[in-house]
1. What accessible area, in Å² to the nearest ten, does a 1.4 Å probe give for T110?
2. Under 20 Å Cα to Cα from K101, which lysines show up? Leave out anything in the same chain fewer than 8 places away.
3. Give me the percent of the accessible area of the chain that comes from carbon and sulfur atoms, probe 1.4 Å, all protein chains in place.
4. Give the cross-link partners of K81 among the aspartates and glutamates, using a straight C-alpha distance below 20 Å as the criterion and excluding same-chain residues fewer than 8 apart.
5. Grab the Cα-Cα distance for L89 and Y24, subtract it from 0.36 nm times how many residues apart they are, and report the gain in nm with one decimal.
6. Kirkwood Rh, Cα Rg: Rg to Rh for segment 76-152?
7. Send over a whole-number figure in Å² for the accessible area per residue of segment 23-74, probe 1.4 Å.
8. Which one of G141, S124, G92 is farthest out on the positive end of the charge dipole of the chain, using unit charges on Cβ (Lys, Arg +1; Asp, Glu -1) and the Cα centre as origin?
Amino acid sequence: MGSYKLGIWHHTADFISDHDNKTYQGNQGIYFIANQSLVREHNNHEQGFGFFLQLGTAPKDFNTVKYYVGGGLHYHGLLPKRDNDDIGLAVGHASLCNIIKKRNPLESLTNETVLELTYNAVISPHFSIQPDLQYVINPGGSIILNDAVVGIIRMKIEF
């Protein structure tokens, strides 16, 4: 089982570009998202192993990110007696516009990449906690910043 989405977006407001301080009317982009189950557990079709893919692009003339590619693997119900938990491993890559490198050639790169490991533990039907560890390569596309390790804990409470 899987889902696939292809879409476009359009923003109608005026905005000032970070690249050249000019005012532009509207902005747009295109994206594709895929979620696909690869292996299902024989006794529970909601559990199993799958992957996801995300692609997106926007005009490079005035957007900081010209394209994004992300993807990863996830398993729903991997651990015994933890049927609603999810574990995931992902990578995301943003290609930054060359204008950034031209503006600061000694301080800028043209990409940023993030590696991520996460686990969503469903404690009850109304509460879950999700630790998340990320390793960021070329944060902000800057050559002067060291790679970064980011730790996050998300909590979800439903009423």
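1. 50
2. Those lysines meeting the cut-off are K22, K60, K66.
3. Working: 6500 of 10560 Å².
It is 62 percent, rounded to a whole number.
4. E41, E46
5. Values: separation 65, 0.36 × 65 = 23.40 nm, distance 3.77 nm.
Net length gain for the segment: 19.6 nm.
6. On the way: Rg = 17.4 Å, Rh = 14.5 Å.
When Rh is taken as the Kirkwood radius, the ratio is 1.20.
7. Values: 3110 Å² over 52 residues.
Per residue, segment 23-74 has an accessible area of 60 Å².
8. Selected residue: G141.
The values are calculated or read from the model by the stated rules, or taken from the named source; none is laboratory data. Note that this is a predicted model, so its numbers are computed, not measured. Note: ideal-geometry Cβ built from the backbone for every residue, glycine included; neighbour counts use all protein chains shown. Heads up: the accessible areas ignore ligands, DNA and RNA and are worked out on the full protein's heavy atoms, side chains in. Shrake-Rupley method; radii C 1.70, N 1.55, O 1.52, S 1.80 Å.
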